[in-house]
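Derivation of every value follows stated rules applied to the coordinates shown; laboratory data play no part. These numbers were taken from a predicted model, which means no experiment stands behind them. Methodologically, a virtual Cβ is constructed for each residue, glycine included, from the backbone with ideal geometry; neighbour enumeration extends over all protein chains shown.
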Amino acid sequence: MEISGNNAIFVGGASGMCRATAIRFAEKGGKVAILDLESSDGASVAKELNGIFLPCNVMDFDGMAGVMDEAVKAMGGLHFMVNTAGGGGAQKTVKRDGVRHSLADFRRVIDLNLIGSFNINSIAAEHMQHKEPNESGERGVMINTASIAAFEGQIGQVSYTAAKGGIAAMTLTMARDLGSLGIRCMTIAPSLFDTGLTAGIPEEASQNMTKGAAFPRRMGKPDEFAIMAISIYECAMMNGSTLRIDGGQRFAPR
């Protein structure tokens, strides 16, 4: 897919990895719509990129359709969607006090990450199917965000690993579902990245958390996620897979 003149929605685009991807997309001549919480820096990011900002809450499943419809209408179509919205919590299946994991908390993490991602993808694909395909028959590309915790989750991450594992698991099936429409679906699974909750971690603690990596033994940078995401968009053969960007790190049990 060519970026120049194409349109993209970045869910979670006000900061971190999604913002870095939006910047690279805009620099290559693409139109961007930043979707994020109303309290975020989305408006300033969109202004910087000559794009549009639409506040949203990914857990408002019905409301996301209206917000994305508005973004597509404003841009005149949709070719690319990147979603990094998500989060987790820390609870063991049975906690130290003998009380089991809160079902409400488990469901909230699944809703935020897995259900939210599926909802956003299905809305995006519904729009992409109506675009004229390019000369190769492509209509659009969607990228979800998992985590290497999906594959070796740590103690206390049971809800988060279930949610991110579900995102990874649905990627190939979704790509197969949408292949006849010329829509590709990929997932990126980062290790610890210098963004969001990890941005304020002291250097010594950061080094300790990443010491198990092969190389580089540091947190990832948002732009390294962006490089991967843009490469996926531009390479038609990248479809139906979950790609780790982790410096060779494998999470220990704790």
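General observations
- Normalised contact order of the chain, rounded percent, pairs of Cα under 8 Å and 6 or more residues apart: 20
- Packing, taken as the mean count of other beta carbons within 10 Å per residue, orders the peptides 70-78, 137-145 from highest to lowest as 137-145, 70-78.
- Prolate/oblate/rounded label for region 68-160 (Cα gyration tensor, a/c 1.5): prolate
- Pairs of lysines in the chain (C-alpha under 25 Å apart; 8 or more residues apart or interchain): 17
- Put simply, when 22-29, 214-221, 33-40 are sorted by average Cβ atoms within 10 angstrom per residue, most first, you get 33-40, 22-29, 214-221.
- Compactness ratio for the chain: Cα radius of gyration over 2.2 N^0.38 Å (N = residue count) comes to 0.99.
- Between region 60-100 and region 153-223, the Cα center-to-center distance that results, in Å: 15
- Backbone HN-Hα couplings from phi across region 227-235 [Karplus 6.51/-1.76/1.60, Hz, Gly and Pro as x]: 4, 5, 4, 5, 4, 4, 4, 7, 10
- Percent antiparallel among DSSP beta bridges (both partners in region 7-244, rounded to 5): 5
- Counted charge near ILE34, where neighbours are those whose Cβ lies closer than 13 Å (Asp, Glu -1; Lys, Arg +1): -2
- Sorting the segments 3-16, 120-133 by their mean number of nearby beta carbons within 10 angstrom, highest to lowest, gives 3-16, 120-133.
- With contacts taken as Cα pairs under 8 Å and at least 6 residues apart, region 145-252 reaches a relative contact order of 37 percent.
- Cα-based convex hull volume of region 116-230 per residue, rounded to whole Å³: 129
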